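Participant: Please see the structure below; I have some questions.
Just so you know, all these numbers are worked out from the coordinates, no wet-lab data involved. A quick note: this is a predicted structure, and the numbers were derived from the prediction, not measured. We place every Cβ from the backbone using ideal geometry, glycine too, and count neighbours over all the protein chains shown.
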Ligand SMILES: [Zn+2]
C-alpha cells in the first residue's frame, strides 16, 4: 500500500497523471474539491454550513477539510493506497495530514512534484483553445497543437474558443502564490526523503514513465 501526494501548478497535466495512476494501479483518488462538493449534496446541517461559507466567498477551514478527509479515509479503505490530489496546499495542512495518517497507522509514501517553469505553464494553460462544436482541443503556442488555420477548427471549421478568461497578470499572480505556499511543503517532504521532482516540461507519456519509476 502506498499513499501518494501530487503537487503541481496549473498547466502540468496533473489530472491526466492522477487518472493514469488510478487506472493502472487502482489507487483511490481523494480530491478535496470533490469531497466538499459531495458533502454539499447531502443537504444536512453540515452541508448548509459549508454552502454558506463558500457562498460568502470564504475558504473552508483547514479543520473542516481535515475532518472530511478523516471520514473519507475511514469509509474508503484501499488496499493500494490513496492519491491526494491538490492537498495539502500549505505546511500546516501537510503536518495535520501526517498526524491524521499516523493515528490511522498510515503514512505518506511518495510526494510527486510536477516541476514546470512559469513560461511553460503559461503557454499550456493560457494557450488552450477548444472547438465548441466537436470538442477538439488546440494550443496556439505549440506548432504541433496549433489549428491549421488560425482560430478555426481543423475538423469542422468552427471558430475556436479560449479555455480561460484569465489575464496574464492574474495567471502570474496565481502561479507566484502557488510557489510561495508550496515551497515550504516541498522542503518538509524533502527532509523526510519522500519528495520526487518530475520534469513536467516533457510530454505526458514521458512524465508518466518518470512517475512509474518511483512506484
Ligand atoms: Zn470542431
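Participant: Where in the range 125-215 are there strands (runs of 3 or more DSSP E), lying fully within it, with 1 or more residues that are within 16 Å of the ligand (Cβ to nearest atom) and surrounded by 16 or more Cβ atoms within 10 Å (Cβ to Cβ)? Spell out the reasoning first.
Facilitator: Numbers: elements: 128-130, 137-139, 195-199.
Passing ranges, in order: 128-130, 137-139.
Participant: Determine which single condition residue 108 fails, assuming it passes every other condition in (1) within 16 Å of the ligand (Cβ to nearest atom); (2) surrounded by 17 or more Cβ atoms within 10 Å (Cβ to Cβ).
Facilitator: The single condition residue 108 does not satisfy is (1).
Participant: Among the listed residues 213, 173, 192, 148, identify the single one that is over 19 Å from the mean Cα position of the chain (by Cα) and over 26 Å from residue 20 (Cβ atoms).
Facilitator: Details: 213 fails: over 26 Å from residue 20 (Cβ atoms); 173 fails: over 19 Å from the mean Cα position of the chain (by Cα); 192 fails: over 26 Å from residue 20 (Cβ atoms).
Residue meeting the stated conditions: 148.
Participant: I'd like to know if the range 110-120 contains one or more residues that are farther than 30 Å from residue 163 by Cα and outside any loop (DSSP other than H, G, I, E, B).
Facilitator: Yes, there is a match, as at least one residue in the range 110-120 is farther than 30 Å from residue 163 by Cα and outside any loop (DSSP other than H, G, I, E, B).
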